[in-house]
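Step one of this worksheet: look at the structure below.
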Amino acid sequence: MTGIELRHNRRAADNALAAARSLIPDHDCEADDDHALADPAHRAPYAPPRVAAPREPVDPARIGRRVVRRQARGMDARAVAAALEDARFDARQASRYEDLADDLRGPAELAEWERIAALLAAAGPGAVYDPDVDDVVQAELAADVAAAAAREAELREALRIAARANHLQVLRDLGTLDQAEPAEGDEAVRDELTRRAGGYVQADVDAWLAHALAAHRGHYRDPAAREAAAGLLPPPVLAHAALLGQLLRLVPGADADQLAFAARLAATEPEAVDALAAVLTRAHPEGS
């Protein structure tokens with residue numbers, strides 16, 4: 001087996017190992033699941049599918065750069081130049097193999113050796129490579145920290161949405177959803193409940209949000225929240241809220257049953273309902 005084949009096999013093994021590690025389950029979580037299944041009393045009602053912790057995606061080019069940096073630590077310009085020649089030789093050999101045409105790690109390793117060689121040449125005689133003082137490496141590490149924090153925030157938000165969706169589902173089953181006050185982020189919770197229902201619109205949830213938006217209840221008391229809702233709720237819900245707002249202003253004593261037709265109109269013709277709400281606004285301005 002040639003040197004290039006050995007290196008190719010090593011890269012393939014490293015990349016496969018990194019991909020496999022990302023799929024290893026959390027055995028503690030599996031033990032918890034087994035306990036919950038064994039004892040129905042411990043099952044949480046309406047628990048959604050487990051929210052998987054976000055994992056760092058496998059990046060062969062990044063793996064290659066990290067390998068080069070570990071190898072280059074403490075090397076002087078002469079040693080790096082020799083390693084660079086080896087990398088160039090590997091690249092020439094790899095060009096002969098069709099299965100390496102899409103290889104990302106090899107070119108990344110070569111580019112990193114070239115960068116480190118240029119870095120030491122600029123540093124002057126006697127310089128050795130230290131990734132701890134390499135501005136490029138430190139910038140990448142800072143970006144990694146920021147990306148990890150973003151993934152953690154995404155996970156926390158997903159867990160919050162799942163918990164809130166569970167709570168609203170309980171209220172729906174009890175028939176008391178209409179008494180609840182909507183909270184910031186409930187637009188995303190609506191999407192989660194719709195997803196759990198296989199994509200089918202949940203008419204009671206949409207009506208609850210439309211009534212709250214029209215009556216300025218819950219977080220919709222804040223004008224900024226009402227403005228943000230325009231980009232978070234679908235057109236039928238927004239049209240329903242707009243028409244309800246005008247009808248409740250014109251007929252203050254009307255109850256939900258008397259205004260149920262507004263939801264049906266908004267679901268079928270949201271643009272026409274928006275136009276009707278605008279006409280009612282012009283015909284009966286506030287304060288008239």
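The values are calculated or read from the model by the stated rules, or taken from the named source; none is laboratory data. The model shown is predicted, which means the values in this text are computed figures rather than measured ones. Because the Cβ atoms are built from the backbone with ideal geometry, glycine has one as well, and the counts that use them run over all protein chains shown. Ligands, DNA and RNA are excluded from the accessible area calculation, which covers all protein heavy atoms including side chains. Shrake-Rupley method; radii C 1.70, N 1.55, O 1.52, S 1.80 Å.
Side notes on the structure shown:
- Pair-distance distribution P(r) for segment 177-225, from all Cα-Cα distances in 10 Å bins starting at 0: 27, 55, 18, 1 percent.
- Ala61 versus Leu104: modelled label distance in nm, points set 7 Å from Cα along the beta carbon direction: 0.7 nm
- Anisotropy class assigned to segment 96-170 is oblate, per the alpha carbon gyration tensor with a/c at or over the 1.5 cut-off and a/b no larger than b/c.
- When each of the peptides 171-179, 238-246, 191-199 is scored by how many other beta carbons lie within 10 Å of its residues on average, the order from highest to lowest is 238-246, 191-199, 171-179.
- Stretch gain in nm, segment Arg249-Val170, where the contour uses 0.36 nm per residue and the Cα spacing is subtracted: 25.3 nm
- Distance in nm between pseudo-label sites at Arg282 and Tyr200 (7 Å out along the Cβ direction from Cα): 4.0 nm
- Percent carbon-and-sulfur accessible area, segment 62-148, ignoring ligands, DNA and RNA, probe 1.4 Å: 57 percent
- Karplus-derived 3J(HN,Hα), 6.51/-1.76/1.60, for each residue of segment 217-225, Hz, glycine and proline x: 9, x, 5, 6, 5, 7, x, 5, 5
- Kirkwood Rh, Cα atoms: Rg over Rh of segment 63-193: 1.35
- Rolling a 1.4 Å probe over the protein heavy atoms gives segment 143-288 an accessible area of 55 Å² per residue.
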